[in-house]
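Take a look at the structure set out below.
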Amino acid sequence: MKILIQTIDDKFLDLETFWQLSKGGGIVQWDSELRARGEESRQVLRSLLDQNFHLYGITTGFGQQADLRFSFGQESLLQAALVDFHGAGVGPVLSYEASRAIFLARIMSVSRGFSGIRPALVDFMMRLFNAGVAPVIPELGSVGASGDLTPLSYLAALLSGQREGWYQGRRLPAAEVLGELKEEPWTWQGKEALAILNGTGVMTGIASLAWAEVSHLADWVDAITALGASALGLPEEPYLPFLHQVKGHPGNQASARRILELAKLSTIPIGHPSAYETQEGRVMQPRYSFRCAPQVHGVLHDTLGFTGPVLIRELNSANDNPLFAPEEHRAFHGGNFMGNHVAAAADYLRIAVATSLNLVDRQVQLLLEGKGGLPTNLALGEAGDPAFGLKALGITTSALAAEAQHLAAPVSVLSRPTEGGNQDVVSMGTISARTLARQVGLFRYAVAHGLVVGAQAWELSTPHQESKPLEKIHAWVRERVPLSPKNASLGKPLEDLAKDLETTKLADIFR
């Protein structure tokens, strides 16, 4: 398999590449111009200290205790103390993939060349990342400013040979990880530990990983709509370009276009017996879950469109404090460690994901109702057989939708003062990002359920609407989940299908 090699330079790293490096591995390397800038910013720091300037976190205490003063000779002890006292994370540890994403996000920030650290530290971090190493990080303990201090202390601890790390599928003491790689534990100078802790790496890494996974799943929701619309014999009318052009939203247009590309739908606008329900002699339009699917799911497509650039900018930013400008030969003390943009992006995404997951749930329920000539619960059996088909999948999908809606509540508005009032406004970005990651897991399961129900409905529909793209989607689902016309325990096949959705895009099955 070809190894992805990515140079970190002044060009922005996109979220898909970030996802590939975090999930599948790869090699990162440092552009020579950025490395030179890093050396220059380090020289600015040293020059300012030689002139007896006090610099935050280097000759001072931290946060509320910034009024404390230390000599430059105490730098190593001061940085080590910062790592030690922030080792207060609790709860379950983050996954290996999430920790890899966090590691890479921190590499991205300090490699911009403005952090005032020795370039050798960035080289060291890249060597560990390229070897497949990741820190073991408890997931609880960050309010998202001053950056992700507590969880990022576990990355800093790994670099200095403390606490634990992931290596070759094993959770090991950090000293053993470094020993196996024949690397010496890092000894801190200047503001190096502060540069690792004082930034948005945890929230940005987790949110960026989640964004990429949502973008993969979003196309599959259109496939579920296409399967269901075809199975019900619905007309193409609700998905034709005119409607979505005059509505104007790009997400609507993309969703409708994909549905038409996948499904061969009826060109008869009214009166088709399986397309519309008839009530008291009146022709009724299809239910909203199918007729308005592009308008509903288009919100997720558009939310991905405007949150992606937000996360890309944060991922490619210098977000610690203080920062050093070589051209101006000065230090800037500010608040780039604030994660409000990440918090807002994750909030927006969670609302849109919950909306699309609810759409999948409503489509699943309609396909199981026995409308449009489909058997109830998509079950087939002889008279008197206890055949219940996919009945339970409908219940589970509703449970997934309800939990996803619960997780959609905004977090970015829940700022609360901490650290003696010094951090009197905080982003809550890490909590918002972690909640998004949890919700993405529910979304993946719901998409798997929707595909199984949609594929079975399409297979059992009469007259069968032929479609080469839907045939490929149906075959892909059938390779993982068998037809279940009577009664079958589908828990394990559904788990396998959901697992495959982590790494399989809709476009992949047409290659």
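Restricting segment 347-400 to residues that are part of a helix (DSSP H, G or I) and among the acidic types (Asp, Glu), the residue that is nearest to Ser412 (Cα to Cα) is Asp347.
The single condition from (1) part of a helix (DSSP H, G or I); (2) in contact (Cβ under 8 Å) with a residue 40 or more places away in the chain that Trp188 fails is (1).
The number of residues in segment 484-511 being under 22 Å from Gly441 (Cα atoms) and outside any loop (DSSP other than H, G, I, E, B) comes to 15.
Considering only segment 117-184, give the helices (runs of 4 or more DSSP H) lying wholly within it that have at least 1 residues that are of a type in the set (A, V, I, L, M) and surrounded by fewer than 19 Cβ atoms within 10 Å (Cβ to Cβ).
Counting at least 1 such residues, we get 119-130, 174-180.
Would you mind stating whether Ser412 is assigned to a helix (DSSP H, G or I), small (Gly, Ala, Ser) and either at pLDDT 95 or above or in contact with a Gly (Cβ under 9 Å, 6 or more places away or on another chain) (or both)? Spelling it out, it is not the case that Ser412 is assigned to a helix (DSSP H, G or I), small (Gly, Ala, Ser) and either at pLDDT 95 or above or in contact with a Gly (Cβ under 9 Å, 6 or more places away or on another chain) (or both). With the structure loaded, tell me whether Gly201 is within 30 Å of Gly450 (Cα to Cα) and in contact (Cβ under 8 Å) with a residue 24 or more places away in the chain or whether it fails that test. Taking the combined requirement at face value, the residue does not satisfy it.
Among the criteria (1) assigned to a helix (DSSP H, G or I); (2) surrounded by fewer than 22 Cβ atoms within 10 Å (Cβ to Cβ); (3) polar (S, T, N, Q), the one Gln465 does not fulfil is (1).
For segment 123-136, check the following and say yes or no: at least one residue is of a type in the set (A, V, I, L, M, F, W, C), more than 24 Å from the chain's Cα centre (by Cα) and more than 21 Å from His341 (Cβ to Cβ). Scanning segment 123-136 turns up at least one residue that is of a type in the set (A, V, I, L, M, F, W, C), more than 24 Å from the chain's Cα centre (by Cα) and more than 21 Å from His341 (Cβ to Cβ). Scan segment 417-448 for residues that are assigned to a loop (DSSP other than H, G, I, E, B), touching a residue at least 40 places away in the same chain (Cβ under 8 Å) and in contact with a strand residue (DSSP E or B) (Cβ under 9 Å, 6 or more places away or on another chain) and the total you get is 1.
Looking only at segment 382-413, residues that are within 29 Å of the chain's Cα centre (by Cα) and under 27 Å from Tyr445 (Cβ atoms) come to 21 in all. Count of segment 236-267 residues, restricted to those that are among the β-branched types (Val, Ile, Thr) and either crowded, with 16+ Cβ neighbours inside 10 Å or in a helix (DSSP H, G or I) (or both), is 2. Answer yes or no as to whether Arg313 is of a type in the set (Lys, Arg), modelled with pLDDT of 95 or more, under 29 Å from Phe12 (Cβ atoms) and crowded, with 23+ Cβ neighbours inside 10 Å. Here the answer is no, as Arg313 does not meet what is asked.
For every residue, the table says whether it meets (1) over 23 Å from Thr355 (Cβ atoms); (2) touching a Leu at 6+ places or on another chain (Cβ under 6 Å).
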{"position": "Val452", "(1), (2)": "no, no"}
{"position": "Gln456", "(1), (2)": "yes, yes"}
{"position": "Gln465", "(1), (2)": "yes, no"}
{"position": "Lys472", "(1), (2)": "yes, no"}
{"position": "Trp476", "(1), (2)": "yes, no"}
{"position": "Glu479", "(1), (2)": "yes, no"}
{"position": "Leu483", "(1), (2)": "yes, no"}
{"position": "Ser489", "(1), (2)": "yes, no"}
{"position": "Pro493", "(1), (2)": "yes, no"}
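The values are calculated or read from the model by the stated rules, or taken from the named source; none is laboratory data. The shown structure was predicted, so the numbers you read here are calculated from the model rather than taken from an experiment. For neighbour counting, all protein chains shown are included, and Cβ atoms are generated from backbone atoms with ideal geometry for every residue, glycine included.
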